[in-house]
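Have a look at the structure below before the remarks.
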Amino acid sequence: KRLAGDLDNILLKALDKRLDQRYPSVDALIADVRAHLAGFPVSARAPLPGYLIGKFIGRHRVASAAVALGVAGLAVGLGASLWQGQRAAAARDLAQSRLTQIRDITHDVVLRYGDALTYLPGGLAVKEDLLKGLIGNLDRMAQEMGDDPAWQADLTGAYARLAELQGNDTGVSLKKIPDAGANAQRAIALAEQAWPHRQTDGRFVEAYLRALQIRAQTLRAAKQPAEGVALLQRALGLADQALPQLPAAERRPVALRRAAITLALGMFHDQQSIASLNQPEKALALLADAEQQLHALDREQGDRLSGDLLGSLHGSRAISHARLGQLEAARTDAQAAIRYRERAVAQEPANVVARDGLVTEATNGGVILLRLGDNAGALAATRVAWTHVQALAHENGPGNKWLEARPR
């Protein structure tokens, strides 16, 4: 009997199979129960005149006043709750905005402007410290964020850059090969977690491919070129999977990295002074593939990076031709390598990477020209190398790689 009337209707409304007919919130249910206890009409019953009048008559004045105060208190309480909820949501939005700003600062100051340090005299050690500090902060924030693919992607980029700075054996690096291998592996592990969610993020894809390339180089340094080749082939597969999905504005860096990996595959099959598979014919086929990719990208935008890669490609191919005894073909590629490297230096005269590349190609070109009996050409090429290696050795302090390269 106690359930008859209002309580019965309240229960029926709360249990209605039609979701849109139920109470919209716990507060609405509470309001009906309180209204029933205080003698007020409840929303669970139709507001017919007889029902409303009966409720009014049944209430005493004192009780009515108390209920009015209770309703007012409820309204104030609900208003306060709504206000607090709005404040909490605003605080949450502000925190998310701050995290986004931190990520933007990370990309701009460290990854974009920090990259510029690599190209300045003495910048390698400074950038290494910068990246290590960045990784420590990103790691802590990533732990707070959980398995957030965006933070995993940022960490992938930072670890990949640190690995390249420490162990890129075909360019400017600190020659810390074990450290480079460990950091490249960390980048790869993070990238594997983020990959299903970030395949349309060009910056992340390029970082993942970079990490695979550097890890392959560290394997080659450990006399494991075949294992390195397997990693590079895996990187090509990922690049082919991601490129069609990327926005047009984000494709070029990934396409350049794909061309660089194809070039690296050629060098892994045949290269002097570094472990390779000793397959010069296979190397030439891979280099031809890389050349097609790079010429298309260079026609689109002939920047310093494409010039560096074309210089490296022609220089590597000159070595393979020379190893096969094809000296005239080697001469053509060696001279092309020097031209592309000189173009890169002209575009960015202070760039250490471009100048170092010119030293390499001019030195190798001089050796090939000597074998051909072109002593004047050999002397001109090695003078170019000598001029830049002297300057780089002077600018970069004690123990730098150019002091070691100078006797050569």
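Answer yes or no: is there a residue in the stretch 196-203 that is open to solvent by 10 Å² or more (accessible area, probe 1.4 Å), touching a residue at least 24 places away in the same chain (Cβ under 8 Å) and in contact with a Lys or Arg (Cβ under 7 Å, 6 or more places away or on another chain).
no
Tell me, please, whether a residue that is among the β-branched types (Val, Ile, Thr), closer than 15 Å to residue 157 by Cβ and in a helix (DSSP H, G or I) can be found in the stretch 222-230.
Within the stretch 222-230, not a single residue is among the β-branched types (Val, Ile, Thr), closer than 15 Å to residue 157 by Cβ and in a helix (DSSP H, G or I).
Filtering the stretch 178-187 down to residues that are over 11 Å from the mean Cα position of the chain (by Cα) and open to solvent by less than 30 Å² (accessible area, probe 1.4 Å), which residue is nearest to residue 255 (Cα to Cα)?
If we take residues in the stretch 178-187 being over 11 Å from the mean Cα position of the chain (by Cα) and open to solvent by less than 30 Å² (accessible area, probe 1.4 Å), then 184 is nearest to residue 255 (Cα to Cα).
Hey, can you tell me all the residues within the stretch 155-169 that are modelled with pLDDT under 85 and in a helix (DSSP H, G or I)?
165, 167
Evaluate the stretch 346-354: report whether one residue or more is more than 24 Å from residue 218 (Cα to Cα), outside any helix (DSSP H, G or I) and at pLDDT 95 or above.
The answer is no, given that none of the residues of the stretch 346-354 is more than 24 Å from residue 218 (Cα to Cα), outside any helix (DSSP H, G or I) and at pLDDT 95 or above.
Name the residue, out of 303, 308, that is within 18 Å of residue 401 (Cβ to Cβ), touching a residue at least 24 places away in the same chain (Cβ under 8 Å) and not β-branched (Val, Ile, Thr).
308
Condition check: hydroxyl-bearing (Ser, Thr, Tyr) and open to solvent by 30 Å² or more (accessible area, probe 1.4 Å). Does residue 156 satisfy that?
In short, no.
Restricting the search to the stretch 368-387, which residues are free of Cβ contacts under 8 Å to residues at least 40 places away in the same chain, in a helix (DSSP H, G or I), open to solvent by 30 Å² or more (accessible area, probe 1.4 Å) and of a type outside the set (Phe, Trp, Tyr)?
Result: 370, 375, 376, 379, 380, 382, 383, 387.
Within the stretch 305-358, how many residues turn out to be open to solvent by less than 30 Å² (accessible area, probe 1.4 Å), out of contact with any Phe, Trp or Tyr (no Cβ under 8 Å at 6 or more places or on another chain) and polar (S, T, N, Q)?
Result for the stretch 305-358: 4.
Considering only residues of the stretch 27-45 that are surrounded by fewer than 19 Cβ atoms within 10 Å (Cβ to Cβ) and under 56 Å from the mean Cα position of the chain (by Cα), which is modelled with the lowest pLDDT?
Across the stretch 27-45, the extreme among qualifying residues is 27.
Which one is nearest to residue 316 (Cα to Cα), of the residues in the stretch 165-177 that are in contact (Cβ under 8 Å) with a residue 40 or more places away in the chain and open to solvent by 30 Å² or more (accessible area, probe 1.4 Å)?
Filtering the stretch 165-177 for residues that are in contact (Cβ under 8 Å) with a residue 40 or more places away in the chain and open to solvent by 30 Å² or more (accessible area, probe 1.4 Å), the one nearest to residue 316 (Cα to Cα) comes out as 170.
Determine whether residue 221 is under 12 Å from residue 184 (Cβ atoms), of a type outside the set (Val, Ile, Thr), out of contact with any strand residue (DSSP E or B) (no Cβ under 6 Å at 6 or more places or on another chain) and in contact (Cβ under 8 Å) with a residue 12 or more places away in the chain.
It is true that residue 221 is under 12 Å from residue 184 (Cβ atoms), of a type outside the set (Val, Ile, Thr), out of contact with any strand residue (DSSP E or B) (no Cβ under 6 Å at 6 or more places or on another chain) and in contact (Cβ under 8 Å) with a residue 12 or more places away in the chain.
The values are calculated or read from the model by the stated rules, or taken from the named source; none is laboratory data. Note that the structure is a prediction, hence the values are computed from the model and not measured. A quick note on method: Cβ atoms are made from the backbone with ideal geometry, for glycine too, and the neighbour counts reach across all protein chains shown. Surface areas here come from the heavy atoms of the whole protein model, side chains and all, with no ligands, DNA or RNA. Shrake-Rupley method; radii C 1.70, N 1.55, O 1.52, S 1.80 Å.
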